[in-house]
């Protein structure tokens, strides 16, 4: 009988973190939002706290660096993660 690990699925966490980093890259590098505003937007989308998002960005610095090196545009991001809304409409 196989022992299943308890807790959260590490593959799902990895995928979530990749999408969070992609979204942070988009907000920061394409939309041009300041760091704090990026974090505010990510809090709304991922239901994570400000501090947790900041930790995840730090923990996934290599992935962020890869985005910054490749510099994907909105069209490429939309193709890779099609279910996100890639149109930013600031709310007052």
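The values are calculated or read from the model by the stated rules, or taken from the named source; none is laboratory data. Please read all numbers here as calculations on a predicted model, not as lab measurements. Cβ placement follows ideal geometry from the backbone for every residue including glycine, while neighbour counts extend to all protein chains displayed.
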Quick one: is residue 20 surrounded by 12 or more Cβ atoms within 10 Å (Cβ to Cβ) and over 11 Å from the mean Cα position of the chain (by Cα)?
no
Taking region 72-84 as the region of interest, how many residues are part of a loop (DSSP other than H, G, I, E, B) and either over 13 Å from the mean Cα position of the chain (by Cα) or closer than 16 Å to residue 36 by Cα (or both)?
4
Just to be sure, is residue 33 within 16 Å of residue 16 (Cα to Cα) and at pLDDT 95 or above?
no
Which count do you get for residues in region 1-17 that are within 14 Å of the chain's Cα centre (by Cα) and either in contact (Cβ under 8 Å) with a residue 60 or more places away in the chain or farther than 21 Å from residue 86 by Cβ (or both)?
3
Taking region 32-43 and keeping residues surrounded by fewer than 16 Cβ atoms within 10 Å (Cβ to Cβ) and closer than 20 Å to residue 83 by Cβ leaves 43
Could you please find all residues in region 49-71 being free of Cβ contacts under 8 Å to residues at least 12 places away in the same chain and either crowded, with 16+ Cβ neighbours inside 10 Å or part of a loop (DSSP other than H, G, I, E, B) (or both)?
49
